Amino acid sequence: MPDLTLDLVERFYAILAIAAIGGMAIVVTLRIVALRSDRALDAYATIARAIQARSVIAAWLVATLATIGSLFFSEIAKFTPCTLCWYQRIAMYPLVVILGMAIVRGQRRAPTGTLALATIGAALAAYHVVLEWVPSIDTGACAVSAPCTLVWFRAFGVFSLPTLALTAFLLILTLLLVRDPNEPDRWSDR
């Protein structure tokens, strides 16, 4: 595979991650400020309603892009996934199917299990990110042939594969958990 194509894909996913982190920072900051400010609460409620109306579709899109990316890096770029990468895949890949089925069924809320899968995936990815930056804490969770401490790339000096996975899981959680604070029935599937 030409280095230019690989570099382009790495940067594409890093740019998506930057946009995701920016969006999540805005939503979380606005929600915190909304605890003390009615104007911020109104702004947050407006954003929350917009996200809420499309949360399952948006989360499915994130999960699908993450799955395509992981398959590109392993099957086309030939990056060998480590054990933690496989565990993160086990958490991400079903989200494409579960959220896709929710879209077909017209569900506006996260189906059972999606929050658990995304939370487990985020925890695994966070641990993997720490292992990449601090390899001395490796407990031997991965095989010597595919070490968890191996960094295939760091787009913009920060975004490695586990960092991209962590960002995707956190974005999925954000999309599925953001709710209009004025809405009485917060967890219904309707």
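The values are calculated or read from the model by the stated rules, or taken from the named source; none is laboratory data. Everything quoted here is computed from the prediction, not taken from an experiment. Cβ atoms come from the backbone with ideal geometry, glycine included; neighbour counts cover every protein chain shown. Just the protein is used for accessible areas: all its heavy atoms, side chains included, with ligands, DNA and RNA removed. Shrake-Rupley method; radii C 1.70, N 1.55, O 1.52, S 1.80 Å.
Side notes on the structure shown:
- Counting protein heavy atoms only, the range 37-125 has 69 percent of its accessible area on carbon and sulfur, 1.4 angstrom probe.
- Rounded to 10°, Cα long-axis angle of helix 161-177 versus longest principal axis of the chain: 10 degrees
- Matching the structure-derived semi-axes √(5λ) of the Cα gyration tensor in Å against the labelled list (1) 32, 18, 16; (2) 25, 21, 16; (3) 40, 24, 13 gives the label (1).
- Surface exposure of the range 1-150, expressed per residue as accessible area with a 1.4 Å probe, stands at 55 Å².
- The range 70-179: trypsin sites (Lys or Arg not before Pro) in DSSP coil with no more than 13 other Cβ atoms inside 10 Å: K78
- In order along the range 92-100, the Karplus-derived 3J(HN,Hα) couplings, from 6.51 cos²θ - 1.76 cosθ + 1.60 at θ = phi - 60°, round to 7, 4, x, 4, 4, 6, 5, 5, x Hz, and Gly and Pro are given as x.
- Charge dipole magnitude, Cβ of K and R +1, D and E -1 - the chain, Cα centre, debye nearest 20: 520 debye
- Counting only DSSP H runs of at least 4 residues, each contributing -39500 (n - 2.57), and dividing by the residue count of the chain, the helix-based mean residue ellipticity at 222 nm comes to -23500 deg cm²/dmol.
- Pairwise label distance in nanometres, R11 with W152, each label 7 Å out on the Cα-Cβ vector: 1.9 nm
- I76-A43 FRET efficiency (beta carbon distance; Förster radius 30 Å; 0.05 resolution): 0.10
- Remark: spin-label model distance A126-I18 equals 2.5 nm, labels positioned 7 Å along the Cα→Cβ axis.
- Relative to the longest principal axis of the Cα atoms of the chain, the long axis of helix 3-33 lies at roughly 30 degrees.
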